[in-house]
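Asker: Sending over a structure as structure tokens; questions will come in a sec.
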Amino acid sequence: MKRVYMLLFSVLAFSASQAQSKFNLLVGTYTNTCQSDGIYVYEFDSNSGDFKLKSSSENVLSPSYLSVSADNKFVYAVNENGTQSTVSAFGYDSASGKLNFLNKNDALGADPCHLINDDKNVIIANYSDGNIAVFKKNPDGSITTGQQLVQHEGKGVNPARQEKAHVHMVCFSPDKKYVLSNDLGLDKVFVYKYNPDSKNEILTLKESVAVKAGSGPRHLTFSKDGKFVYLVQELDGTLTTFSFDKNGSLKVIAETSILEKDFKGGTGAAAIKISPDGKFLYVSDRVDVNAISVYKILKNGGLEKVEQVSTLGKGPRDFAIDPTGNYLLVGHQYTNNIVIFKRDKTTGKLTDTGKKIELCSPVGLVFTKI
């Protein structure tokens, strides 16, 4: 009998380990350049790097960036379509990968390019109109019409790219007391106090912090302990480190460049992510670079460059690290694929697996539990 129990325990333990190695990969795409259904859901095996398509949405217009609810039951997407842009809500069955369209509303701005959500609100960044729109959640996961619109004003020193405000990201602080927003057009990071239960003053400005003129803030991420913020600037490849305190104050403490010293050509820094263990930072760059830079995060928050590797495609707009930290997947907007890299957890270095997911214009990559 004891042997039977041991065998049963081993089988259950093996099944659990297998289940925990598999995740869903959700991919948002542009639908105006090639044939795409919108959002794609793949099953990804973090032990082997293998994948298979589970499901896709139907006729969803350019759902470029995605945000999944904490309970894994809903997916929210921005639909980039100029002045006709919207934000959409979907029911999500992680087991089957099926997405069920719930509703959509006017984005209240042109070309939304990023979004976040919690149990009360969905918050989006509208790039071309330089504003932030906030939508309340209904009990069924759908969204209300916009409840607050925060408009940025001004311009930067680059007349071609900074002729006005261009909000590029919204991000919760780890304690959810603040929302940070990068403005590429104004060379500023804004910190908003987050009031989730308010009807129409969900975001109230606390402060803004200026960075190097003409650098163009794009995306940021928090260190695992929440004490540091790492910001990549799109226009010149600057990588800025801030300290961040419990009162929501940002302070610039270091600055470097993700570009190689002898590099000549166009740069367009894009995504920035930290490994699940909090030990390594990854930044992608597009245009003529098409590479990912890898940094070791030191105990004092400083960065030590490890390597820069080609992403083996064009336009690495976004990438994602699977929850186990074994693989890093890079979505290429222009070569229409996702390249799968093996990740060394000890060194942070990346190695091409030779595996690719072929699909139209991948833009936003998000892993979820199954």
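Asker: Considering only region 76-101, state which residues are polar (S, T, N, Q), open to solvent by less than 20 Å² (accessible area, probe 1.4 Å) and outside any loop (DSSP other than H, G, I, E, B).
Answerer: ASN79, SER88
Asker: Still on this model: Suppose we filter GLY325, GLY331 for residues that are open to solvent by less than 20 Å² (accessible area, probe 1.4 Å) and in a loop (DSSP other than H, G, I, E, B); which single one remains?
Answerer: Matching residue, one of GLY325, GLY331: GLY325.
Asker: A further question on this structure: I'm trying to understand the selection: among the residues of region 112-133, which are charged (D, E, K, R) and either part of a strand (DSSP E or B) or crowded, with 19+ Cβ neighbours inside 10 Å (or both)?
Answerer: ASP129 - this is the single residue of region 112-133 that is charged (D, E, K, R) and either part of a strand (DSSP E or B) or crowded, with 19+ Cβ neighbours inside 10 Å (or both).
Asker: Another question, if that's okay. Is it the case that some residue within region 281-291 is more than 22 Å from GLU358 (Cβ to Cβ), surrounded by fewer than 19 Cβ atoms within 10 Å (Cβ to Cβ) and over 16 Å from the mean Cα position of the chain (by Cα)?
Answerer: Here is the first cut: in region 281-291, the ones more than 22 Å from GLU358 (Cβ to Cβ) are 281-283, 285, 287-289.
Retained after the next criterion (residues that are surrounded by fewer than 19 Cβ atoms within 10 Å (Cβ to Cβ)): 287-288.
Applying the additional criterion that residues be over 16 Å from the mean Cα position of the chain (by Cα) yields 287-288.
Yes: one or more hits.
Asker: Further question on the same structure: (1) assigned to a loop (DSSP other than H, G, I, E, B); (2) without any contact (Cβ under 8 Å) to a residue 40 or more places away in the chain; (3) in contact with a Ser or Thr (Cβ under 9 Å, 6 or more places away or on another chain): which one isn't true of VAL339, the others all being true?
Answerer: (1)
Asker: Let me ask something additional. Tell me yes or no: at least one residue of region 253-272 is aromatic (Phe, Trp, Tyr), over 29 Å from ASP187 (Cα atoms) and in contact (Cβ under 8 Å) with a residue 24 or more places away in the chain. Lay out the reasoning, then the answer.
Answerer: Just the residues of region 253-272 that are aromatic (Phe, Trp, Tyr), to begin with: 263.
Remaining after also requiring over 29 Å from ASP187 (Cα atoms): none.
Among the residues of region 253-272, not one is aromatic (Phe, Trp, Tyr), over 29 Å from ASP187 (Cα atoms) and in contact (Cβ under 8 Å) with a residue 24 or more places away in the chain, which makes the answer no.
Asker: Moving on. As an exercise: evaluate THR33 against (1) within 13 Å of GLY97 (Cα to Cα); (2) surrounded by fewer than 18 Cβ atoms within 10 Å (Cβ to Cβ) and give the number of the one condition it does not meet.
Answerer: Of the numbered conditions (1) within 13 Å of GLY97 (Cα to Cα); (2) surrounded by fewer than 18 Cβ atoms within 10 Å (Cβ to Cβ), the odd one out for THR33 is (1).
Asker: Filter region 292-306 down to residues that are free of Cβ contacts under 8 Å to residues at least 24 places away in the same chain and assigned to a loop (DSSP other than H, G, I, E, B) and give me whichever is least open to solvent (accessible area, probe 1.4 Å).
Answerer: Out of the qualifying residues, it is LEU298.
Asker: For region 221-275, which residues satisfy the criterion of being under 22 Å from LEU115 (Cβ atoms), open to solvent by less than 10 Å² (accessible area, probe 1.4 Å) and part of a strand (DSSP E or B)?
Answerer: Across region 221-275, the qualifying residues are VAL229, TYR230, LEU231, VAL232, GLN233, ALA269, ALA270, ALA271, ILE272.
Asker: Has region 55-70 got at least one residue that is over 24 Å from LYS356 (Cα atoms), open to solvent by less than 10 Å² (accessible area, probe 1.4 Å) and over 17 Å from the mean Cα position of the chain (by Cα)?
Answerer: Looking through region 55-70, none of the residues is over 24 Å from LYS356 (Cα atoms), open to solvent by less than 10 Å² (accessible area, probe 1.4 Å) and over 17 Å from the mean Cα position of the chain (by Cα).
Asker: Sticking with this structure for a sec: Are any of the residues in region 272-287 at pLDDT 95 or above and in contact with a His (Cβ under 6 Å, 6 or more places away or on another chain)?
Answerer: Kept after step one, since they are at pLDDT 95 or above, are these residues of region 272-287: 272-287.
Of the ones still in play, those that are also in contact with a His (Cβ under 6 Å, 6 or more places away or on another chain) are 272.
Among the residues of region 272-287, at least one is at pLDDT 95 or above and in contact with a His (Cβ under 6 Å, 6 or more places away or on another chain), which makes the answer yes.
Asker: Please note which strands (runs of 3 or more DSSP E) are completely contained in region 35-75 and include at least 2 residues that are small (Gly, Ala, Ser). Step through it out loud before you land on a result.
Answerer: Values: elements: 39-45, 51-56, 63-68.
Passing ranges, in order: 51-56, 63-68.
Asker: Test of understanding: among LYS193, LYS188, LYS104, LYS136, which residue is surrounded by fewer than 22 Cβ atoms within 10 Å (Cβ to Cβ), closer than 21 Å to THR241 by Cβ and touching a strand residue (DSSP E or B) at 6+ places or on another chain (Cβ under 6 Å)?
Answerer: Details: LYS193 fails: closer than 21 Å to THR241 by Cβ; LYS104 fails: closer than 21 Å to THR241 by Cβ; LYS136 fails: closer than 21 Å to THR241 by Cβ.
None of the other options fit; the residue is LYS188.
Asker: For the list (1) at pLDDT below 95; (2) touching a Ser or Thr at 6+ places or on another chain (Cβ under 9 Å), I need the number of the one condition that THR29 fails.
Answerer: Just one mismatch for THR29, condition (1).
The values are calculated or read from the model by the stated rules, or taken from the named source; none is laboratory data. Just so you know, these numbers come straight off a predicted model, no measurement behind them. Note that we place each Cβ from the backbone using ideal geometry, even for glycine, and neighbour counts take in every protein chain shown. Only protein heavy atoms, including side chains, enter the accessible area calculation; ligands, DNA and RNA are left aside. Shrake-Rupley method; radii C 1.70, N 1.55, O 1.52, S 1.80 Å.
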